[in-house]
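The values are calculated or read from the model by the stated rules, or taken from the named source; none is laboratory data. Model, not experiment: these values are computed from the prediction. As a convention, Cβ positions derive from the backbone with ideal geometry for all residues, glycine included, and neighbour counts pool all protein chains shown. Side chains included, ligands, DNA and RNA excluded: accessible areas come from the protein's heavy atoms. Shrake-Rupley method; radii C 1.70, N 1.55, O 1.52, S 1.80 Å.
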Amino acid sequence: MPDKGKFPHYMLKEIFDQPKGLRDTIEPRVSLDDAVVRLEDEIRIGVDDLRALRRINIVASGTSRHAGMAGQYMIQELLNIPVDVDYASEFEYRNPLIGPGELTIVITQSGETADTTAAQREAKAKGSKTIAISNVIDSTIAREADGVLYTHAGPEISIASTKAFTAQMAVLYLFALYLGQVRGKFSKEQRRAHIKELLSLPEKVEKTLESSTACEEIGKLYYKFEDFLFVGRAIHYPVAMDGALKLKEVSYIHAEGYPTGETKHGPIAMVDEHLPVVAIATCDKNDFGSVLRYEKNVSNIEAYKKQLGQVIAIATEGDSLLPNIVDQVIFVPQAPELLSPILEIIPLQLIAYYITVKKGLDVDKPRNLVKSVTLE
Ligand code: BG6
């Protein structure tokens, strides 16, 4: 069992381990000079099969499924390949229409989750190739997959998954780049630009971790609230989902993750001074679509404020508009929109941690939860 070092809890140590986990997961698999991603020896699926892929399924549980949701946006946006994401516990009941020539990506930190193992076996029985993304070498799910892409986040002890989550999203981006490389989707310059952005993530996460004190202050302001709404649009929706799950699983406070635009179809009725909203409202200025989504997020946030809702925004460094509208802002460095979830989740992990510690709860061992649910 690794020790906590200078940290009071494993969860905080693992949140601060994320730059190293990302470095160890990304760097051995890319060459900036050659502008190539090297996954062929791990994926063990032939180039012809990868070129013939018409659809991808992603199956996982809990936080791992949220990584899969982010991966769906990455793969669809970069490769125009349709991706379905399923709860592992639901997969077998929806009679998944998958078969030979399809790929099922199974995401699991422990590699032992029973629901996810069952889903992988179901996919294989239907003739699908499977790739496991796991943080535990030679775990059951890793052993039973055709190919394995390990996250190298190091042992994750705290029940709430943090460093495995960001490493899983980095692996999904690497996979999308590799698939694009195999399918001749990107020029060498484009591949080099993507690789450069991936390699810059650990340093951007280090910078984001500097907001830890501000997140602790937010924890002190908000630990008595009994309900939270987390909102995010497009690829930021999975981040809102995981921010809500983090808070629920460690502090037992009810929280809901919602697509930002969807809150006007009902949930906004709940927003008042008793229901704080955590809004992910970053903006990649180099991406016109991101700017449009940001503008819509600002008008949603203004609506929450009109209803006296307190708003904590996750914004991009340099944003001078949101600080005048919301109650608290945590800034993250500028990043391409498809990689920004890896930064945005950091303050949400920290806020959940500090709220829980302020409540005097056992943040590493929340009640009724286990690190890996090995029963269906
Ligand atoms: C839950 C854990 O039991 O299982 C979560 O508390 C995790 O943190 C989920 O996301 C899925 O686990 P795994 O190991 O399959 O990613």
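Can you give me the relative contact order of the stretch 210-358 as a percent, contacts being Cα pairs under 8 Å and 6 or more apart? Once normalised by length, the contact order is 30 percent. Spin-label model, residue 272 to residue 51: label points 7 Å out along the Cα-to-beta-carbon direction sit 6.3 nm apart.
For residue 359, the accessible surface of its heavy atoms amounts to roughly 80 Å² (probe 1.4 Å, protein chains only, rounded to the nearest 10). For the chain, complete DSSP H runs whose alpha carbons reach 24 Å or more along their own long axis and whose mean Kyte-Doolittle score is 0.5 or higher are 163-182, 341-358.
Using just the helices of the chain, give the 222 nm mean residue ellipticity in deg cm²/dmol: DSSP H runs with n ≥ 4 each add -39,500 (n - 2.57), and the total is spread over all residues, rounded to 500. Counting only the DSSP helices, I get -13500 deg cm²/dmol. Stretching the chain fully between residue 32 and residue 299 yields a gain of 92.1 nm (0.36 nm per residue, less the alpha carbon separation).
The accessible-area ordering, largest first, of the residues 343, 308 stands as 308, 343, per a 1.4 angstrom probe. Taking each residue as 0.36 nm, the span from residue 196 to residue 4 lengthens on full extension beyond its C-alpha to C-alpha distance by 65.9 nm. Remark: spin-label model distance residue 317-residue 370 equals 4.3 nm, labels positioned 7 Å along the Cα→Cβ axis. Within the stretch 242-285, the GluC sites (Glu not before Pro) that combine a DSSP coil assignment with at most 14 other C-beta atoms in a 10 angstrom radius are 273. Grab the beta carbon distance between residue 308 and residue 287, set R0 = 25 Å, and tell me the FRET efficiency rounded to 0.05. Efficiency, rounded to the nearest 0.05: 0.15. Taking a straight Cα-Cα cut-off under 18 Å and skipping sequence neighbours fewer than 8 places away in the same chain, the aspartates and glutamates within cross-link reach of residue 359 are 216, 217, 226, 227, 249. Note on the chain: dipole from Cβ charges, positive end direction compared against 18, 161, 78; the farthest Cα belongs to 78. Full extension of the chain between residue 216 and residue 126 gives 27.6 nm of extra length, using 0.36 nm per residue less the Cα-Cα distance. Ordering 57, 135, 120 by the projection of their Cα atoms onto the charge dipole of the stretch 10-206, which places +1 on the Cβ of Lys and Arg and -1 on the Cβ of Asp and Glu, puts 57 at the extreme positive end. Contact order, relative form, for the chain: 20 percent (alpha carbon pairs under 8 Å, 6 or more residues apart, mean separation divided by residue count).
Each peptide in 12-24, 31-43 receives the mean, over its residues, of other Cβ atoms within 10 Å, and ordering these scores from highest gives 12-24, 31-43. Other residues whose C-beta falls under 15 angstrom from the C-beta of residue 41 contribute a net charge of 0, scoring Lys and Arg +1 and Asp and Glu -1. Short-range pairs are left out: with C-alpha atoms under 8 Å and at least six residues apart, the relative contact order of the stretch 10-206 is 32 percent.
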